[in-house]
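Inspection log for the structure reproduced underneath, given as structure tokens.
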Amino acid sequence: MCGRYVLKREDLEALLRQLGVKDIAAFTSRYNLAPTSLVPMVRGPRPARTAATAQWGLVPPWAATPGGSRLANARAESVATRPAFREAFQRRRCIVPASGFYEWETRGGRKLPWYFTPRESPPLVLAGLWEEGPEDAPATFALITTEACAEVARIHDRMPVALPPEAAEAWLDPDQPTPALLPLLRPLPAGVLAATRVSPRVNQVRHEGPDCLLPPSGLEEAEDGQLDLAGLG
């Protein structure tokens, strides 16, 4: 799964320029984004492409209540066939900008956070699906996950799908057929990501700010640093 990620303001601006859409001026850097957060996404083909603020945790259009169960992640292996995602995969795909993402290593009963970010030229172009919200409510989205690449696999068996930059146009084109899209839902090649142990402050969703990316201190290493599972959807 993917349960937390980072989006720095400068990385968002760079990707929006690359995709040819207007900036979301109100967004500031976030270092501990969790499900239910309101975050930027990009949707639609050129020239109608837009950037919008959406809530992480997709609510299918047939859900009994608009605020009901939210789906933070969709598995690449079943996204084209699972009823909750099938129609969105066909017609409502989006890109979610990210500077990097977190995964947790379990060691001696403790949850130790690691931060994964590109070695060169962030941000990550994460593949997502979106649904319209009810009146006066934001759209909702889910991130697609796949098998872990070499750097992530020693910590966790899944990772978010990060699209190559040249695939963004096809992903945002609602007329692309499923057989052309499924090959994009693969792990990153080995060597693309750098992995860094970070402070267990990020284990708690209430903690926000650049210090989430600092190395763990000696005191933090001695503490339990239990993971706030509620923040992972």
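The values are calculated or read from the model by the stated rules, or taken from the named source; none is laboratory data. Everything numeric here is computed off the predicted structure, so don't read it as measured data. Ideal geometry is used to build each Cβ from the backbone, glycine not excepted, and the neighbour counts take in all protein chains shown.
For the stretch 107-158, a residue qualifies if it is of a type in the set (Lys, Arg) and outside any strand (DSSP E or B), and the qualifying residues are 119, 154.
When 39, 21 are checked against the criterion of being buried (at least 17 other Cβ atoms within 10 Å of the Cβ) and more than 19 Å from the chain's Cα centre (by Cα), 21 stands alone in meeting it. Residue pairs whose Cβ atoms lie under 9 Å apart, separated by 6 or more positions or on different chains, with the first residue in the stretch 132-161 and more than 27 Å from residue 54 (Cα to Cα) and the second surrounded by 15 or more Cβ atoms within 10 Å (Cβ to Cβ) and of a type in the set (Val, Ile, Thr), are 149/192; 151/192. Tallying residues that are loosely packed, with under 13 Cβ neighbours inside 10 Å and touching a Lys or Arg at 6+ places or on another chain (Cβ under 6 Å) within the stretch 159-215 yields 1. For the stretch 70-88, the criterion of being surrounded by fewer than 21 Cβ atoms within 10 Å (Cβ to Cβ) and farther than 25 Å from residue 175 by Cα is met by at least one residue. Can you find even one residue in the stretch 65-87 that is touching a strand residue (DSSP E or B) at 6+ places or on another chain (Cβ under 7 Å), modelled with pLDDT of 95 or more and on the phi > 0 side of the Ramachandran plot? There is no residue in the stretch 65-87 that is touching a strand residue (DSSP E or B) at 6+ places or on another chain (Cβ under 7 Å), modelled with pLDDT of 95 or more and on the phi > 0 side of the Ramachandran plot. Residue-level check: of (1) at pLDDT below 95; (2) farther than 24 Å from residue 36 by Cβ; (3) small (Gly, Ala, Ser), residue 148 misses just (1).
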